[in-house]
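Sharing a structure here in structure tokens format.
The values are calculated or read from the model by the stated rules, or taken from the named source; none is laboratory data. Every value quoted in this text rests on a predicted model; they were computed, and no experiment measured them. Note that each Cβ is placed from the backbone with ideal geometry, even for glycine, and that neighbours are counted across all protein chains shown.
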Amino acid sequence: MKHASIPNNWSPASWQSFEASQQPAYKNSEALESVLAELGQLPPIVTSWEVESLKKELARAQNGDAFVLQGGDCSENFEECRSEIIVQKLKILLQMSLIMIMGMEKPIIRIGRMAGQYAKPRSEDMESRGGVSLPSYRGDLVNRSPFKAEDREPDAKLMLRGYE
């Protein structure tokens, strides 16, 4: 089995040397830096041992000893991040996996794609309606969906709400 090799010039910060495309333009750079600093002090959302556990499970799937089932929405908003909605999504994921276990006779690795799809890239920075151009809606992590100037302005504080 082939494995990808790590480039000699790789480091944990090497991604920062690449140009980031489709990024929101925050007018208040001080607020952005403040939010980023605050987020940097918060505990991780996913622990290192959870990451290592998933890597082991994915290796099992890569070897053909298990099957990965990933489910969730492509795009989410903060209003839908409520326990009753999440429970329903988890039930669907569980039901699908039970059917697959019966048919495949293999363990199923369930991965929920939830509570993290709050921002999406947009091909255009601006959206126009009726002769009015405003920043594109990039998701609840960046700005708000109503087509009003005050809602479409990127707001760094929304990133803190996404962490919650």
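Determine the pairs where a residue that is within 23 Å of residue 159 (Cα to Cα) and touching a residue at least 24 places away in the same chain (Cβ under 8 Å), located within the stretch 75-99, has a partner that is among the basic types (Lys, Arg) and surrounded by 10 or more Cβ atoms within 10 Å (Cβ to Cβ) with Cβ atoms under 6 Å apart, the partner being 6 or more residues away or on another chain.
75/120
Evaluate the stretch 122-145: report whether one residue or more is more than 22 Å from the chain's Cα centre (by Cα) and among the hydroxyl-bearing types (Ser, Thr, Tyr).
yes
Which condition number in (1) among the polar types (S, T, N, Q); (2) on the phi > 0 side of the Ramachandran plot; (3) surrounded by 14 or more Cβ atoms within 10 Å (Cβ to Cβ) is the one that residue 28 fails?
Unmet for residue 28, out of (1) among the polar types (S, T, N, Q); (2) on the phi > 0 side of the Ramachandran plot; (3) surrounded by 14 or more Cβ atoms within 10 Å (Cβ to Cβ): (2).
Now a separate question. With the structure loaded, tell me whether residue 158 is of a type in the set (A, V, I, L, M, F, W, C), surrounded by 12 or more Cβ atoms within 10 Å (Cβ to Cβ) and either over 17 Å from the mean Cα position of the chain (by Cα) or part of a loop (DSSP other than H, G, I, E, B) (or both) or whether it fails that test.
Judged against the criteria, residue 158 is not a match.
Here's something else I'd like to know. Return yes or no: is residue 109 within 26 Å of residue 53 (Cβ to Cβ) and surrounded by fewer than 16 Cβ atoms within 10 Å (Cβ to Cβ)?
Against the criterion (within 26 Å of residue 53 (Cβ to Cβ) and surrounded by fewer than 16 Cβ atoms within 10 Å (Cβ to Cβ)), residue 109 does not qualify.
Looking at the stretch 120-150, which of its residues are free of Cβ contacts under 8 Å to residues at least 60 places away in the same chain, outside any loop (DSSP other than H, G, I, E, B) and crowded, with 16+ Cβ neighbours inside 10 Å?
Answer for the stretch 120-150, where residues must be free of Cβ contacts under 8 Å to residues at least 60 places away in the same chain, outside any loop (DSSP other than H, G, I, E, B) and crowded, with 16+ Cβ neighbours inside 10 Å: just 134.
Please determine, by comparing only the residues of the stretch 47-66 that are assigned to a loop (DSSP other than H, G, I, E, B) and surrounded by 10 or more Cβ atoms within 10 Å (Cβ to Cβ), which one is nearest to the chain's Cα centre (by Cα).
For the stretch 47-66, the residue satisfying everything is 47.
If you don't mind, another one. Out of (1) surrounded by 11 or more Cβ atoms within 10 Å (Cβ to Cβ); (2) in a loop (DSSP other than H, G, I, E, B), the odd one out for residue 89 is which?
Unmet for residue 89, out of (1) surrounded by 11 or more Cβ atoms within 10 Å (Cβ to Cβ); (2) in a loop (DSSP other than H, G, I, E, B): (2).
Could you tell me which of the residues 91, 55 is in the same structural domain as residue 164 (by TED's automatic domain parsing) and either touching a strand residue (DSSP E or B) at 6+ places or on another chain (Cβ under 6 Å) or not acidic (Asp, Glu) (or both)?
Sole residue among the options that is in the same structural domain as residue 164 (by TED's automatic domain parsing) and either touching a strand residue (DSSP E or B) at 6+ places or on another chain (Cβ under 6 Å) or not acidic (Asp, Glu) (or both): 55.
Next question, about the same structure. Answer yes or no as to whether residue 74 is loosely packed, with under 14 Cβ neighbours inside 10 Å, at pLDDT below 95 and within 16 Å of residue 117 (Cβ to Cβ).
yes
Assess whether residue 117 counts as being of a type in the set (S, T, N, Q) and either under 26 Å from residue 20 (Cα atoms) or surrounded by 15 or more Cβ atoms within 10 Å (Cβ to Cβ) (or both).
yes
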